[in-house]
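Values in this text are rule-based calculations from the coordinates and carry no lab data. Quick caveat, the model's predicted, so the values are computed rather than measured. Counting neighbours? That spans all protein chains shown, and the Cβs are built from the backbone with ideal geometry, glycine included.
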Amino acid sequence: MTGAAGTLGLDYEALRTGVGAYRLPRDVVAVHGPDAPVYLQGQLSQDLDPLRTGMSAPALLLEPDGKLAALVRVTRTADDAYVLDTDAGFGEQVAARLLRFRLRTKVDVEPLAWPCVALRGAGASAPAASPSAPPDQRQGPPWTLPVDWNGTRGLDRLGPGAEDGLPEAVRWVGDAAWEGLRVEAGIPAMGRELDERTIAAEAGLVDRTVSFTKGCYTGQELVARLDARGSRVARRLVGVVAASLPPEEADVLLGASLWTGGRDTPVGRCTSAAVCPGLGAVGALAYLHRSVEVPADLTWTPAGAEHPDGRAGGRCEARPLPLVG
């Protein structure tokens, strides 16, 4: 499908080899006040001390038991101010979680109605900062934040004016191409791959979001214990390719169960599915039991099917992420 005619093919090519722009739905929460640096350092899994104004990092906001409250990106906007952005629909959850432990702390937490424009592709690069400006004043809203996840590179422009000054060659892309790119890269999304039951190691988030050298933070105990045991968790996020499934039926993989020979119970479940031009096939993200070694030939059945025998479904292959480098 790569290079194929039609909107999806053109959008995908822009995201890979040109400059593709996408209005990325994000919820943004401002955290500011005299105690903001110390408070967030004790709430997020990432070490925030190295961040200067305009710098960002991915981080986990965890519950005390180590389960996930949200995957966020934290950006320092001033000495005592930050913004946390997360997938749309989860900003209130982030704010509520932060306010829950704010006792006797001089920190304000408030939502911001900020847009986010994602630029991906070989031509997506950050504009050069003015050399005459002091380091902490070379950026401001919109903040230009680099992105690099499993070979998918570009930048996000976050804040008022996010659509201003974009490259002339930019192509605005639709949801289908963006979702195909996300699935190929294996980027987990809140509400799909990530929820309150998720352990960070299951989704492959630890290496990019956790500092093991900073001080204590809420939820640290479970993360540290699993790391000490080799991050052995019951399931792992993997990619799934259903080569024989027609593109127009890609959504049937949402919630589909995965089976392997000789098992009377499913070994996994698909959480996202999309037409993936880089694969020339329908791809999916899925959690797969650790007993199944990847790559593996599997059978899928639609959500609600209790057993593959005699039911609709088909063959698929589980593969490591990313599905496309």
R290 paired with W172, simple spin-label distance in nm, labels 7 Å along Cα-to-beta-carbon
4.7
With the contact rule set at Cα under 8 Å and sequence spacing of 6 or more, what percent relative contact order holds for the chain?
19
Filtering trypsin sites (Lys or Arg not before Pro) in region 1-64 by DSSP loop and by at most 14 other Cβ atoms within 10 Å leaves R52
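Which length gain, in nm to one decimal place, applies between D65 and D251 when the Cα-Cα distance is subtracted from 0.36 nm times their residue separation? Show your work: numbers first, answer last.
On the way: separation 186, 0.36 × 186 = 66.96 nm, distance 3.37 nm.
Additional length available on full extension: 63.6 nm.
Quick one: if the Förster radius is 41 Å, what FRET efficiency do R104 and D164 give, using the C-beta to C-beta distance and rounding to 0.05?
Working: r = 41 Å, r/R0 = 1.00.
Step by step, r from the Cβ atoms, then E = 0.50.
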Identify which of the listed values of Cα extents along the principal axes in Å was calculated from the structure shown: (1) 67, 43, 34; (2) 53, 46, 34; (3) 64, 48, 29.
(3)
Kirkwood hydrodynamic radius (Cα pairs, Å) of region 19-168?
16.0
